[in-house]
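We did not get these values from a lab; they are worked out from the coordinates using the rules stated. Please read these numbers as outputs of a predicted model, since none were measured by experiment. Note that each Cβ is placed from the backbone with ideal geometry, even for glycine, and that neighbours are counted across all protein chains shown.
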Amino acid sequence: MLDLLPDLCDQFSEELTILPPRFRQFGGKSVFWGPAHCIRCPEDNTLVRHCLSQPGGGRVLVVDGAGLERRALLGDNLAKLALDNGWAGVVVYGYIRDVATIASMELGVQALGAMPLKTDKRGLGEENVMIEIEGRRIEPGQYLYADDNGIVVCNRELPLPE
């Protein structure tokens, strides 16, 4: 299944929130979905590491980095943690680094772009929070679906097209 979102939009458009088309695909797995686990941590990825160190259970970590471009919130080490701990993917409203290595991993990763500078580690951030991206809300536990066409969220798990 290469194009999941067009099929979901055809069937369930009334139930979906479509995120702005600003995100780029970086992971080796281009189609991914799961319940959203939402955190907010601009320019500090301490909480990203904490979350990805826990069992993911097929969830998608959604990182609100406020769209800031000065620091990368995800790199290859954290992506490997996500993969090893069973996360379906990571969506970063911000920037990532180590993009060639992340592209070789069987993990869904979407972000705004690449930035080679890592974050400071100050222990800042909030977990299980509602995230708003350009007027579109993502609540913890909503189902997130992503592919090369973009990202959508829904209040319930949707049946996948065959």
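Among the candidates GLU127, GLU139, GLU132, GLU106, single out the residue that is among the acidic types (Asp, Glu), out of contact with any Pro (no Cβ under 6 Å at 6 or more places or on another chain) and over 17 Å from ARG40 (Cα atoms). Working first, answer last.
On the way: GLU127 fails: over 17 Å from ARG40 (Cα atoms); GLU139 fails: over 17 Å from ARG40 (Cα atoms); GLU132 fails: over 17 Å from ARG40 (Cα atoms).
The unique qualifying residue is GLU106.
Scanning segment 77-98 for residues that are over 13 Å from ALA111 (Cβ atoms) and either out of contact with any strand residue (DSSP E or B) (no Cβ under 9 Å at 6 or more places or on another chain) or among the hydroxyl-bearing types (Ser, Thr, Tyr) (or both) returns ASN77, LYS80, LEU81, LEU83, ASP84, ASN85, GLY86.
Is it the case that segment 79-94 has a residue that's within 20 Å of SER30 (Cα to Cα), in contact with an Asp or Glu (Cβ under 6 Å, 6 or more places away or on another chain) and crowded, with 23+ Cβ neighbours inside 10 Å? Looking for residues that are within 20 Å of SER30 (Cα to Cα), in contact with an Asp or Glu (Cβ under 6 Å, 6 or more places away or on another chain) and crowded, with 23+ Cβ neighbours inside 10 Å, one finds at least one in segment 79-94, hence yes. Here segment 124-162 is the region considered, the condition is being touching a Leu at 6+ places or on another chain (Cβ under 8 Å) and among the small types (Gly, Ala, Ser), and the residue that is surrounded by the most Cβ atoms within 10 Å (Cβ to Cβ) is ALA146. Among the residues of segment 99-116, some residue qualifies, meaning at least one is exposed (fewer than 15 other Cβ atoms within 10 Å of the Cβ) and touching a strand residue (DSSP E or B) at 6+ places or on another chain (Cβ under 8 Å). Screening LEU5 on (1) buried (at least 19 other Cβ atoms within 10 Å of the Cβ); (2) more than 18 Å from VAL109 (Cβ to Cβ) shows it passes everything except condition (2).
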